[in-house]
Amino acid sequence: MMSRITCAKMAFAYLLISLLCIASCGPSDQSTIETDTLIEAPIITRDLEAIKKEGKLRALTVYSGTSYFLYKGQPMGYEFDMLKRFAKHLDVELEIVVVKNLDELITKLNKGEGDLLAHGLTITSNRKKAVSFTNYLYLTKQVLVQKKPDNWRTMHWHKLENALIHDAIELLQDTVSIRKGSSYSKRVANLSEELGGPIFVNELSGEMSTDQIIKKVVSGDLKYTIADSNIAKIMASYYPILDVDVPVSFSQRIAWATRSNSPELLKETNLWLENLKKEVDYNVIYNKYFKNKKDFRRRVKSDFYSLNKEEISPYDALIQTHSQRINWDWRLVAALIYQESRFDPKNSSWANAEGLMQLMPKTAEELGVTDRSDPVQSIRGGTTYLNDIWNNFETIEDSTQRAKFTMASYNCGLYHVIDAQNLAQKNGLDASRWDDNVEDMVLALSSPKHYNDPVVKYGYVRGVEPYNYVNQIYERYSHYKQFIGE
């Protein structure tokens, strides 16, 4: 009697012959096997010129362990890192639009909720009817994800081998759990046709990311799923009970997409990708999220990995308590604390600022802080100081603008910001608005022409510091709001 392994080898040979035969006979009727939902044509026209005119690129992506996530207070992810570089290349602001249901990515793109679909989509003929794909980012294969027996470490090799599927043909009459409408769903339909028998599909919600589905295989809630090999392998590095060695497809192209009526954005994206691929950074970014197993395991173990818990830092409870006391969103205060110290209570600067909120010795003394490295004292004192500054801007009605004035003053000093307001008023700008008004005058205070102006009482300030400080805190705050509830 032939062993299961021998049968599997014969079946694999049969599968290869079948696939080659299908390829040589030309493409099959995609309409009968394509499971992606056809999406209507774009309903808005917005191309590169409009994006540059507004100064903002809106990118649609998903919340996952490789595309976009939060780790120790810092937004990260393959798509996020790539998008930051692309926005910088375009010289525009980046706005991340998180799509919770993967089934809605293309629809939201064509409705105009984003300019660029920045999530690794497999290029398929049906999707090409709905969007324009960029040049591919990388190649990958789809693989079967299955769980080894719980006692796999103590099993004899041949018993372990017999317990696992070794070829896609063994999936006939079995069930695979995948998202409806995904390229994986299409692949199962193709396999069923190629192998001449049914592979049953357990359809999952589009709100589940691939890594969430894989975790359900680990827990035993699902028997099999299919994933791109780069994602499956990095997950298996943390969950060694997974087997991800069975390919179910040839190499497939993974790309981003634009609306079909955005040819200039598509052209610019492709030119940028072409140049980026020539640089070391391109492979560094890919390896960081898909090959660096050590960093991945460290993230997965952390409580401050947003896919594990809705936590930003070890000090969330303290930040929430004291933010509530001064009526600020705690996520905004957390973004400020990250900017100041990266949540390191021992952090100190060249200017002798110290602690989570980087209090200066004299300020700490005035606030009753005796140990600046103590998180409780630092957050209590720092938030009290923020509130004191806030009270100096009572005439500013817009709470967001008022918060920006407060944070700029926290960074460079209240009186330098008042100088910038005076300059703004003198130059016909709105002295009660930070954005595009007083922030420009803070930058101007680095030049002798302006810091020697009679309305300026406190002289020179390196204006780029408070300017970047406010912008970076609010950028981080926007990410925190995506991941962490109030």
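The values are calculated or read from the model by the stated rules, or taken from the named source; none is laboratory data. Model, not experiment: these values are computed from the prediction. When we count neighbours, we look across all protein chains shown, and the Cβ atoms used for this are built from the backbone with ideal geometry, even at glycine. When the accessible area is computed, the model is the full protein with side chains, heavy atoms only, and any ligands, DNA or RNA have been set aside. Shrake-Rupley method; radii C 1.70, N 1.55, O 1.52, S 1.80 Å.
What's the magnitude of the charge dipole for region 419-480 around its Cα centre, counting Lys and Arg as +1 and Asp and Glu as -1 at the beta-carbon? Answer in Debye, nearest 20.
Working: 6 positive and 9 negative charges, 41 e Å.
In total the dipole reaches around 200 debye.
Straight-line reach from residue 288: which lysines fall under 18 Å, measuring Cα to Cα and dropping same-chain residues less than 8 apart?
By straight Cα distance, residue 288 reaches 72, 84, 233, 277, 278, 301.
Choose one of 385, 118, 146: the residue whose Cα lies farthest towards the positive end of the charge dipole of the chain (beta-carbon charges +1 Lys, Arg; -1 Asp, Glu; about the Cα centre).
Value: 146.
For the pair residue 172/residue 44, report the inter-label distance in nm, with labels modelled 7 Å from Cα in the Cβ direction.
With each label placed 7 Å out from Cα toward Cβ, I get 5.0 nm.
Roll a 1.4 Å probe over the protein heavy atoms and report the accessible area of residue 481 in Å², nearest 10.
Residue 481 has an accessible surface of roughly 100 Å² with all protein chains in place.
Which residues does the label zone of residue 189 cover in region 111-127, counting backbone N under 14 Å from a point 7 Å along Cα→Cβ?
Residues 124-127 qualify, since their backbone N sits under 14 Å from the label point.
Starting at 0 and stepping by 5 Å, how many percent of the alpha carbon pairs of region 430-486 end up in each bin?
Percent of pairs per bin, in order: 4, 18, 20, 20, 14, 9, 7, 5, 3, 0.
Among all helices in the chain defined by DSSP H, which have a length of 27 Å or more along the axis from Cα atoms plus a Kyte-Doolittle mean of at least 1.0?
On the way: long enough: 4-24 (30 Å, 1.60); 464-483 (29 Å, -1.29).
Length and hydropathy pass: 4-24.
State the percentage of accessible surface on region 114-226 attributable to carbon and sulfur atoms; use a 1.4 Å probe and exclude ligands, DNA and RNA. Please list the in-between numbers first.
Numbers: 2210 of 4670 Å².
The value for region 114-226 is 47 percent carbon and sulfur by accessible area.
How big is the gap, in Å, between the Cα center of region 216-283 and the Cα center of region 164-201?
20
How much of the DSSP beta bridge set in the chain is antiparallel, as a percent to the nearest 5? Please report the intermediate quantities before stating the final value.
Working: 25 of 38 bridges.
Close to 65 percent.
Could you work out the equivalent-ellipsoid semi-axes for region 44-165, taking the square root of 5 times each eigenvalue of the Cα gyration tensor, largest first, in whole Å? Please list the in-between numbers first.
Working: eigenvalues 288, 66, 29 Å².
Those come to 38, 18, 12 Å.
How big is the charge dipole of region 157-226 about its Cα centre, in debye rounded to the nearest 20, if each Lys and Arg gets +1 on its Cβ and each Asp and Glu gets -1 on its Cβ?
200
Please report, to one decimal in angstroms, the Kirkwood hydrodynamic radius of region 328-410 built from all distinct Cα-Cα pairs. Walk me through the intermediate numbers first.
Numbers: mean 1/r = 0.0776 Å⁻¹.
When all Cα pairs of region 328-410 are included, the Kirkwood radius is 12.9 Å.
Based on the inverse mean of 1/r over its pairs of different Cα atoms, what is the Kirkwood hydrodynamic radius of region 95-228, in Å? Please list the in-between numbers first.
Details: mean 1/r = 0.0597 Å⁻¹.
So the Kirkwood estimate lands at 16.8 Å.
Just how large is the dipole of the chain about the Cα centre, in debye to the nearest 20, putting +1 at every Lys and Arg Cβ and -1 at every Asp and Glu Cβ?
Values: 60 positive and 62 negative charges, 292 e Å.
Roughly 1400 debye for the chain.
Starting from the Cα gyration tensor of region 234-385, take the square roots of the eigenvalues, sort them a ≥ b ≥ c, and report rounded, prolate or oblate (rounded when a/c is under 1.5, otherwise prolate if a/b is larger than b/c, else oblate). List each step's numbers first, then the result.
On the way: a/c = 2.67, a/b = 1.95, b/c = 1.37.
Prolate shape, in that a/c is at least 1.5 and a/b is the bigger ratio.
What percent does the relative contact order of region 365-486 come to when contacts are Cα pairs within less than 8 Å and at least six residues apart?
Details: 126 pairs, mean separation 22.7, N = 122.
Relative CO of region 365-486 lands at 19 percent.
Just want the answer: with Cβ charges of +1 for Lys and Arg and -1 for Asp and Glu, which residue in 437, 469, 364 is farthest toward the dipole's positive end in region 322-478?
Highest projection toward the positive end goes to 364.
If I model a spin label at residue 218 and residue 294 as a point 7 Å from the Cα along the Cα→Cβ vector, what separation in nanometres do I get?
According to this spin-label approximation, the distance is 2.0 nm.
Taking 8 Å as the Cα distance limit and 6 or more residues as the minimum spacing, I'd like the relative contact order of the chain as a percentage.
RCO, the chain: 15 percent.
Could you derive backbone 3J(HN,Hα) for region 391-397 from the dihedral phi with the Karplus parameters 6.51, -1.76 and 1.60 (θ = phi - 60°), listing whole Hz in sequence and x where the residue is Gly or Pro?
5, 7, 10, 5, 7, 8, 7
According to the Kirkwood expression over distinct Cα-Cα pairs, how big is the hydrodynamic radius of region 149-267, in Å? Walk me through the numbers on the way to the answer.
Working: mean 1/r = 0.0622 Å⁻¹.
Taking the inverse mean of 1/r over all distinct Cα pairs, region 149-267 comes out at 16.1 Å.
Apply the a/c threshold of 1.5 to the C-alpha gyration tensor of region 305-346 and tell me whether it is rounded, prolate or oblate. Could you put the intermediate results ahead of the total?
Details: a/c = 1.85, a/b = 1.20, b/c = 1.55.
In terms of gyration-tensor shape, oblate.
Rounded if a/c is under 1.5, else prolate if a/b is larger than b/c, else oblate: which is region 72-120, with a ≥ b ≥ c the root eigenvalues of its Cα gyration tensor?
On the way: a/c = 2.24, a/b = 1.34, b/c = 1.67.
Cα axes put region 72-120 in the oblate bin.
What is the Cα coordinate range of the chain on the first, second and third principal axes, sorted by size from largest, in whole angstrom?
Cα spread of the chain along its principal axes, largest to smallest: 95, 53, 36 Å.
Name the aspartates and glutamates eligible as straight-distance cross-link partners of residue 128: C-alpha to C-alpha under 13 Å, and not fewer than 8 places from it in the same chain.
Those aspartates and glutamates meeting the cut-off are 34, 36, 40.
Determine the percent antiparallel among the DSSP beta bridges restricted to region 47-198, to the nearest 5.
Roughly 35 percent of the beta bridges in region 47-198 run antiparallel, per DSSP.
With a probe of 1.4 Å, find how much accessible area the chain has per residue, and write the answer as a whole number in Å². Display every interim value, and only then the final one.
Details: 23030 Å² over 486 residues.
Averaged over the residues of the chain, the accessible area is 47 Å².
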